[in-house]
Each structure stands twice: as C-alpha cells, then as structure tokens.
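A short write-up of the structure that comes next.
Throughout, read-outs are computed from the coordinates displayed, never taken from laboratory work. Note that the coordinates shown come from a computational prediction; the quantities given were computed from them, not determined experimentally. Methodologically, a virtual Cβ is constructed for each residue, glycine included, from the backbone with ideal geometry; neighbour enumeration extends over all protein chains shown.
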Amino acid sequence: MNPTLLSRFKPDARFVFRPEIDRYAILFDPETGRTQVLNPSAAAVFVRFDGQKSLAEIFANLRAEFEDIPSEAEEQILALATELLRAGVIRESEV
C-alpha cells in the first residue's frame, strides 16, 4: 500500500514511543529488540498518528503550529508514512 494524503494511520500497539533529548524519539519493539530513532520532524509527525487525522490534516496542523514548514514537507510526510508502514510501526486506520 502506498499512503496518500487521505490515509489515516495509528501506531502498532507493540511499539513503545519514547521522547528523548532535543525532541528526538526512539521507537522500540520489545518483542524483537528493534529500535528506530526519529528525528524531531519525524517525531512531531509520529505523535499525530492517532487513526483519526489524515496525512493532509497532520500536515495542516504542523503548518499551523510551526512557522517555517516548507512545501516539500508534504512529500516528506508521505515518505515517512511509507517507511513506517513498511517497517510495521504504523498501520492503516479505518475511520
């Protein structure tokens, strides 16, 4: 599945999200020991994956909250969602 701006995602329940210093975050799978580090931008997107908001809504929320969001951030959000979906960290939500 390739995410679109209308896609909605929620984290897979097995992953633990832990915020770190300087707005970085770690995703940890206790079953496998696998970790993934999220940079501050990716962490800001990840915490908004609630299964309710679409990627377009997440992008709009980020633009309202932060002043200097570049237009290419929309494509970066799609790329992040694709990467996390393929890694099994998030899953599509049916609303």
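Details
- Sparsely packed chymotrypsin sites (Phe, Trp or Tyr not before Pro) within the range 19-80, loop by DSSP, other Cβ within 10 Å at most 12: Phe66
- Dividing the mean sequence gap of close Cα pairs (under 8 Å, 6+ apart) by how many residues the chain holds gives a relative contact order of 38 percent.
- Only one residue of Ile21, Ile58, Ala87 has its Cα farthest out toward the positive end of the dipole of the chain, where Lys and Arg carry +1 and Asp and Glu -1 on Cβ, and that residue is Ala87.
- Once Rg and the Kirkwood radius are both taken over the C-alpha atoms of the chain, their ratio Rg/Rh works out to 0.95.
- Longest site-free stretch - the chain; sites: GluC sites (Glu not before Pro), DSSP loop, at most 16 other Cβ within 10 Å: 32-66
- If you take all other residues with their beta carbon under 12 Å from the beta carbon of Val47, and give Lys and Arg +1 and Asp and Glu -1, the sum is +3.
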